[in-house]
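*Asks:* Handing you this structure, nothing more for now.
Only the coordinates and a few stated rules stand behind these numbers; no lab work does. What you are looking at is a predicted structure, and each value in this text was computed from that prediction instead of being measured. Backbone-built Cβ (ideal geometry, glycine too); neighbour counts: all protein chains shown.
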Amino acid sequence: MPEPDWRSQRLMAHLPQQVTVYEVGPRDGLQNESTPVSLDAKVRFIDALADAGLKWIEATSFVNPKLVPQLADASELMRTIKRRPGVRYVALVPNERGMHLALEAGVDAIAVFTAASEAFSQANVRASIDETFLRFAPVAELARAHNVWLRGYISTAFHCPFSGPVAPQAALDVTERLLALGCHEVVISDTIGRATPRDTDALLQLAVQRLPMDRVAFHLHDTFDLALCNVMLALEAGVRVFDGAAGGLGGCPFAPGAPGNLATEKLVALLHGMGIATDIDPQAVANAGRAVRAML
Ligand code: MG
């Protein structure tokens, strides 16, 4: 066999054998959809994702049902899905009230969300970044008290639809604050899918110096088909958790121009093609996403 060239040697040295794929379709994929999806259809979607091999599924969100009517059935959904052993069903919560509802519904893990851009934070939750941290303090305390795993999203970590490019330092400052709050994992999110590989590289160069990379996840949108390029850079920098939404579902109701999330099946196909295991069947994920898309 010929010797691998310098590039493949460099790649091989930095690629892991296994990556965790975190599915956001039922929450991030559906929250923006105006066509109501029935409880039954959501349960079937979540069960199909677990069947496809996903071990982390963000199932719903305990936000104000007036703001996100699609997810008003969060409590009922959490009680109706069949909990598969080995699968963690996560719920997004915006505040202490949502946290109490989530705990009552018996979620396995919680996600909170803030932003790297003040303009986006105001538009999304009508609060400054500092104010979102005030809301999270009791959530994090409850998570600790109940031994619930906590994930923290940093929205608009690269680009804000209202105020433009976001400095990597600003994104990492917020990321460090979420870690200090007690988040087990922080999710650097390209909410509107505007990050180029250069933007991603600039953020990662700082991230490897400042963050524990084994606690960093990436959440990408595929606006200009650049999500997988950014996945490659993040893999080389040590990121081992990537979000996807089956069928590329979703956008963001408060982020004009936000297209779908990176499709889970595309992400998994790339990883498998690179010899990285995920234990996920990309075809089954694509089918699950298609079934939901047909209802929208
Ligand atoms: Mg998203």
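*Asks:* Quick check: pseudo-label points 7 Å beyond the Cα along Cα→Cβ at Arg144 and Glu176, how many nm apart are they?
*Replies:* According to this spin-label approximation, the distance is 2.0 nm.
*Asks:* With an 8 Å Cα cut-off and a minimum separation of 6 or more residues, compute the relative contact order for region 106-184 in percent.
*Replies:* Working: 103 pairs, mean separation 31.3, N = 79.
About 40 percent, as a whole number.
*Asks:* Let me ask another. Amide H neighbours of Arg88 under 5 Å, at least 5 residues apart or on other chains, H built in the peptide plane: list them.
*Replies:* Trp56, Ile57
*Asks:* What's the tally of Lys pairs in the chain whose alpha-carbon atoms lie under 23 angstrom apart, where the two lysines are 8 or more places apart or on different chains? Before the final figure, lay out each step's value.
*Replies:* Working: Lys42/Lys55; Lys42/Lys66; Lys42/Lys82; Lys42/Lys266; Lys55/Lys82; Lys55/Lys266.
Step by step, the pairs that qualify in the chain add up to 6.
*Asks:* When the Karplus curve 6.51 cos²θ - 1.76 cosθ + 1.60 is applied with θ = phi - 60°, which whole-Hz ³J(HN,Hα) does each residue of region 275-280 get, with x for Gly and Pro?
*Replies:* Along region 275-280, the couplings run x, 9, 7, 10, 6, 10 Hz.
*Asks:* Whole Å is fine, so just give me how far the alpha carbon centre of region 131-169 lies from that of region 78-107.
*Replies:* Computed from Cα coordinates, the inter-centre distance equals 18 Å.
*Asks:* I would also like to ask the following. I'd like the FRET efficiency for Glu104 and Asp279, computed as 1/(1 + (r/R0)^6) with the beta carbon distance as r and R0 of 35 Å, rounded to 0.05. Before the final figure, lay out the partial values.
*Replies:* On the way: r = 31 Å, r/R0 = 0.89.
With a Förster radius of 35 Å, E is 0.65.
*Asks:* Cα centroid distance between region 216-231 and region 17-49, in Å?
*Replies:* Here the two parts' Cα centres lie 19 Å apart.
*Asks:* At 7 Å along the Cα-to-beta-carbon direction for both Arg83 and Asp225, put a label point, then send me their distance in nm to one decimal.
*Replies:* 4.3 nm
*Asks:* With a sphere of radius 12 Å drawn around the Cβ of Arg88, what net charge do the other residues whose Cβ falls strictly inside it have (Lys, Arg +1; Asp, Glu -1)?
*Replies:* Details: positive: Lys55, Arg83, Arg84, Arg151; negative: Glu23, Glu58, Asp108, Glu185.
So the environment of Arg88 carries a net charge of 0.
*Asks:* Quick one: which residues, 5 or more positions from Cys160 or on another chain, have an amide H under 5 Å from its amide H? H modelled 1.01 Å from N in the peptide plane, none for Pro or chain starts.
*Replies:* Those qualifying (amide H under 5 Å, at least 5 residues apart or on another chain) are Val166.
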